[in-house]
Every structure is written in C-alpha cells, then in structure tokens.
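The values are calculated or read from the model by the stated rules, or taken from the named source; none is laboratory data. Bear in mind the structure is a predicted one, so any value in this text is a computation, not a measurement. In this analysis, Cβ positions are derived from the backbone assuming ideal geometry, glycine residues included, and neighbour counts consider all displayed protein chains. Remember, those area values only see protein heavy atoms, side chains included, never the ligands or the DNA or RNA. Shrake-Rupley method; radii C 1.70, N 1.55, O 1.52, S 1.80 Å.
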Amino acid sequence: MQSIWKYGLEHCKVAKDIDIALLQSCRKDWWIEMKNVQISQELFFLLVRYFLIGQEETEPEIVKALEKKMDALVMRELYTQYKTAPTEEEKEKARREYLDKRGVPDSFRW
C-alpha cells in the first residue's frame, strides 16, 4: 500500500489521520475500497482553476478547504466506528477517540 507521505503531505496537519484512515480501510488483500466524496462547488472550481488554468494563487484556499474536508471525513469515520462497534469495549474506545478529536472536555462528557 502506498503511503500519503509519498505525495508531499508530510506538512499537512491531517496527514496522519489520512494515513490511519487508509490503513483502517485496507482489506486482507491490501486493496483499498475507494468511496465517493462530495466537495463543494467552490472547492471544485478552485481545483479547476488550479489544475486546468494554472492559477497557482488558489493553492492556499485549496489546501484549507481540503484540510477542512479531511477533518470532516475523519470525524465521520470515528463516529461510524463508535456507532457500529461490535463490543462495548470497542464502542467506548471509539467514543473516547471521537470526543477527544472533537475537543470535548472531560467535564462535559457522559
């Protein structure tokens, strides 16, 4: 399996989360099941301007939007793990990880 580090994402704040998400989605035969991801129309046009027109000044906006999207994907995956965990122990572990990532203080948790 290829790591995201190969693509120059070592400075991205969510790169570690991406690597973890890819590793968790690996199957026994090392094939990653790819899913569709929706992006905003604004991000789509930023990507078009960057790649097709060559407007490199859109890069910071693209990076910010992609990091925001990746954060949302990671949070959704953690929530799904919490809701679908087969055992109470795994459910509790996923719940804690989700709340930690969300930034919920211990005093606000149930």
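Would you check which residues across the range 80-96 are surrounded by 14 or more Cβ atoms within 10 Å (Cβ to Cβ) and part of a loop (DSSP other than H, G, I, E, B) and list them?
Ala85
Being among the charged types (D, E, K, R), more than 30 Å from Val104 (Cα to Cα) and either surrounded by 11 or more Cβ atoms within 10 Å (Cβ to Cβ) or at pLDDT below 95 (or both) narrows it down to one of Glu77, Glu67, Glu33, Glu10, so name that one.
Matching residue, one of Glu77, Glu67, Glu33, Glu10: Glu33.
Could you count how many residues in the range 83-110 are under 16 Å from the mean Cα position of the chain (by Cα) and under 27 Å from Asn36 (Cβ atoms)?
Qualifying residue count, the range 83-110: 5.
Anything in the range 53-110 that is closer than 16 Å to Leu43 by Cβ and touching a residue at least 40 places away in the same chain (Cβ under 8 Å)? List them, or say none.
Val63, Glu67, Met70, Asp71, Leu73
Considering only the range 97-110, how many residues are surrounded by 10 or more Cβ atoms within 10 Å (Cβ to Cβ) and within 15 Å of Val74 (Cβ to Cβ)?
6
Is there a residue in the range 46-55 that is modelled with pLDDT of 90 or more, open to solvent by less than 90 Å² (accessible area, probe 1.4 Å) and at positive phi?
Looking for residues that are modelled with pLDDT of 90 or more, open to solvent by less than 90 Å² (accessible area, probe 1.4 Å) and at positive phi, one finds at least one in the range 46-55, hence yes.
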